[in-house]
Amino acid sequence: VNGFDDTITAIATPPGVGAIAVVRVSGPQTRALAQRLFRSRQPLRERYAAYGEVLDERGGIIDRGVAILSIAPHSYTGEDTLELQVHGSPVIAAEVVRALIACGARAAGPGEFTRRAFALGKLDLHSAGAVADIISAQSRSAARAALANLGGGLANEVRGLRATLAALLEELAASLDFPDEVPDPDRARVTATLNELASALERLRRDGEVGRLVREGVSVAIVGPPNAGKSSLLNALLGEERALVSEIAGTTRDTIEESVAIDGVRVRLVDTAGIRTHADRLEAAGIERTARALESARIALIVLDGSQPATPEAQALLGRTRDRDRIVFFNKADLGRAGVAAALPNAIVGSARDPQTLIAVRAAIAKIGWGGQAPDLERPHLASAREFDAVNQALGAIDRARATLAAGDAIDFIAAELQRAHAALGHVTGDIATEELLDGIFARFCIGK
Ligand SMILES: Nc1nc2c(ncn2[C@@H]2O[C@H](COP(=O)(O)OP(=O)(O)O)[C@@H](O)[C@H]2O)c(=O)[nH]1
Ligand SMILES: [Mg+2]
C-alpha cells in the first residue's frame, strides 16, 4: 500500500471532562497542520513534547497545551502523526478538531488509526484485534492475555506455517506442470509435513481455548436443597458476607452472581434458590431461575447437607446432573456424615466453614475448568471467532489433503486443498483481507483508536 492521501483527526480520550484531552492527527498534511495550528517558542522536533499554543484557523488561541510530532514511518499509524494534549474540556477538544477539519483534515471513523497502521504494515491483523481486546478487557488477566497478542508472535508463527504450505504447493505445481521432467513428490514426505502442520494448528486451537477461558471466565452454579449451605459456601469463597445466610429454608430466592479469581481466571459464582418440591409461588419462581442458572453454567457445584440422610430432592438432583461437569459437596461434616453417599468417590466432604474444604472446592473448579494447571497468559493465542474459523478451515483442508494422499488420488486434488488451507491462514495474519472483513473488524474499535 502506498500511503493515504487524506489526513484524519479525532479525539482519542473518552467523552466528558478530564484532566487532559488528546486530539490525534495522522496523514500527509500533518506537518502543515502542526505548523499552522500550533505555535511554540522552539520549533516542533520529532518525538519531543513541545509546550505552546493551539490555534484555530484564524490564528486565535484555543488553548495552551503540549504537542508531539512523529514522522513516518516511526509512528503508531506509520504516517506522520501529531498528538495535541489540551485541557480536558470537551468543548476545547471539539474546537481543536473543528479547526483541524477547517484546515483540511477529515474526521476519523472508528479504529481508523489502527486500520491505517495495519494497511501500512505496522501491525498484523491479529495484533490489531489485540488492541481492541486490551481496551475492552474486563479483568487484569484478560488484559495480560490480550497484551501477549500485541507482539506479532502469533502472526509470525502462522506465516511460518503458510510458508511451509507455499513450498509444498510449489513442489506440487512443478510436478503438475511438467509431469515428464519433474517426478511426483514423495507421498510419505508430504504426509509427514502435513502431519506437522496439523499438529501445529491443533496446538494453536488449544492455546486459543485457554485464551477464551481467560477472557470469558468460567461460570459455576451453586445448587442444592434449601439450607444445605450454598450461600455460606458462596460467602466463604468470596471471603465476604455477600449472600444472606439463615437457618430458615428458602432465604435465598433470587440468584446472586459474584466473581472470584482462581489461578487468574475469573470464576463467576451463581448462588441460587434452594430446590424443593413444596414451595410457595415466589419461591417457585426462584427455583425456575435456579434451573436456568444450572443449565447455562459450565460447572454445577452441588451442595448437600451431608450430616442428614439424603432427601428425595437431593437424590433427584444428583440423578439429573449425573452426565454433566459437576462437583458434589457434602457440607456440614462437623455435624456428621449420615448423608454422604459412598457411591460418589470424587465428592468433597467437609464444611463451608473449613479453609481446607474451600481449598478442595477451588481445586475442583480449576480441574474441570482448565485442567488444574494455571493457564499461561503470556503466550499469544487465537482471540476471535473469526480466527478460530480460519484455523478450523485450514485444519479441515489439511485433513482432506491427507485423506486424498492416503487414498493415492491425483496430486491436483491435494493441491486444491492446500491452497484452501493457505488462504484460510492468510485471514489470521491479514495477509489476505477484504475491505468488508476489515470494516467488520475495525467497526468495534472506538473513534480515535
Ligand atoms: N454446622 C454447620 N452449619 C452450617 C454449615 N454451612 C452452613 N451452615 C448453616 O446452615 C444454615 C443454612 O445455610 P445457608 O448458607 O443459608 O444455606 P442455603 O439455603 O443452602 O443457602 C445456616 O444456619 C448456616 O449457618 C456447616 O458447614 N456446618
Ligand atoms: Mg441461600
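The values are calculated or read from the model by the stated rules, or taken from the named source; none is laboratory data. Computed from a predicted model, the values in this text were never measured in an experiment. A quick note on method: Cβ atoms are made from the backbone with ideal geometry, for glycine too, and the neighbour counts reach across all protein chains shown. Only protein heavy atoms, including side chains, enter the accessible area calculation; ligands, DNA and RNA are left aside. Shrake-Rupley method; radii C 1.70, N 1.55, O 1.52, S 1.80 Å.
Applying the condition of being of a type outside the set (A, V, I, L, M, F, W, C) and part of a strand (DSSP E or B) to the stretch 244-266 and asking which residue is farthest from ligand 1 (Cβ to nearest atom) yields 266. Residues in the stretch 30-44 that are under 38 Å from the mean Cα position of the chain (by Cα) and open to solvent by 100 Å² or more (accessible area, probe 1.4 Å): 31 only. Of everything in the stretch 267-278, what is more than 12 Å from ligand 1 (Cβ to nearest atom) and closer than 18 Å to residue 353 by Cβ? Give them in sequence order. Within the stretch 267-278, 269 is the sole residue that qualifies. Listed by first and then second residue, the pairs with beta-carbon distance under 9 Å, at least 6 apart or on different chains, first residue in the stretch 430-448 and within 16 Å of residue 132 (Cβ to Cβ), second in a helix (DSSP H, G or I) and open to solvent by 70 Å² or more (accessible area, probe 1.4 Å), are 445/135; 446/135. Here is the figure for the stretch 267-277: residues that are near ligand 2 (Cβ under 9 Å from one of its atoms) and either among the hydroxyl-bearing types (Ser, Thr, Tyr) or not in a loop (DSSP other than H, G, I, E, B) (or both) total 2.
Report whether or not residue 431 is open to solvent by 50 Å² or more (accessible area, probe 1.4 Å) and either modelled with pLDDT of 90 or more or in contact with a strand residue (DSSP E or B) (Cβ under 8 Å, 6 or more places away or on another chain) (or both).
On the way: open to solvent by 50 Å² or more (accessible area, probe 1.4 Å): yes; either modelled with pLDDT of 90 or more or in contact with a strand residue (DSSP E or B) (Cβ under 8 Å, 6 or more places away or on another chain) (or both): yes.
When the stated conditions are applied, residue 431 passes them.
Under the condition of being open to solvent by 30 Å² or more (accessible area, probe 1.4 Å), modelled with pLDDT of 95 or more and outside any loop (DSSP other than H, G, I, E, B), the residues counted in the stretch 120-141 number 0.
Yes/no per residue for (1) in contact (Cβ under 8 Å) with a residue 12 or more places away in the chain; (2) of a type outside the set (D, E, K, R):
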| residue | (1), (2) |
| --- | --- |
| 11 | yes, yes |
| 17 | yes, yes |
| 35 | no, yes |
| 51 | yes, yes |
| 60 | no, yes |
| 63 | yes, no |
| 82 | yes, yes |
| 109 | yes, yes |
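Would you say residue 242 is in contact with a helix residue (DSSP H, G or I) (Cβ under 6 Å, 6 or more places away or on another chain), surrounded by fewer than 17 Cβ atoms within 10 Å (Cβ to Cβ) and modelled with pLDDT under 90? So residue 242 fits the description; yes.
Going by the structure shown, is residue 27 in contact with a strand residue (DSSP E or B) (Cβ under 9 Å, 6 or more places away or on another chain), more than 18 Å from residue 74 (Cα to Cα) and open to solvent by less than 30 Å² (accessible area, probe 1.4 Å)? The answer is no for residue 27. For the stretch 397-411: of the residues being in contact with a helix residue (DSSP H, G or I) (Cβ under 6 Å, 6 or more places away or on another chain) and touching a residue at least 60 places away in the same chain (Cβ under 8 Å), which is most open to solvent (accessible area, probe 1.4 Å)? Among those that are in contact with a helix residue (DSSP H, G or I) (Cβ under 6 Å, 6 or more places away or on another chain) and touching a residue at least 60 places away in the same chain (Cβ under 8 Å), it is 402. Screening residue 231 with (1) crowded, with 22+ Cβ neighbours inside 10 Å; (2) polar (S, T, N, Q); (3) without any contact (Cβ under 8 Å) to a residue 12 or more places away in the chain gives one miss only, at (3). Listed by first and then second residue, the pairs linking a residue in the stretch 37-48 that is under 16 Å from residue 23 (Cβ atoms) to a residue that is part of a loop (DSSP other than H, G, I, E, B) and open to solvent by less than 100 Å² (accessible area, probe 1.4 Å), with Cβ atoms under 8 Å apart and 6 or more places separating them unless they lie on different chains, are 37/56; 37/57; 37/103; 38/44. Applying the condition of being of a type in the set (Lys, Arg) and in contact with a helix residue (DSSP H, G or I) (Cβ under 7 Å, 6 or more places away or on another chain) to the stretch 194-239 and asking which residue is nearest to ligand 2 (Cβ to nearest atom) yields 215.
For the condition in contact with a helix residue (DSSP H, G or I) (Cβ under 9 Å, 6 or more places away or on another chain), open to solvent by less than 40 Å² (accessible area, probe 1.4 Å) and at pLDDT 90 or above, what is the one hit in 301, 318? Spell out the reasoning first.
On the way: 318 fails: in contact with a helix residue (DSSP H, G or I) (Cβ under 9 Å, 6 or more places away or on another chain).
After applying the criteria, what remains is 301.
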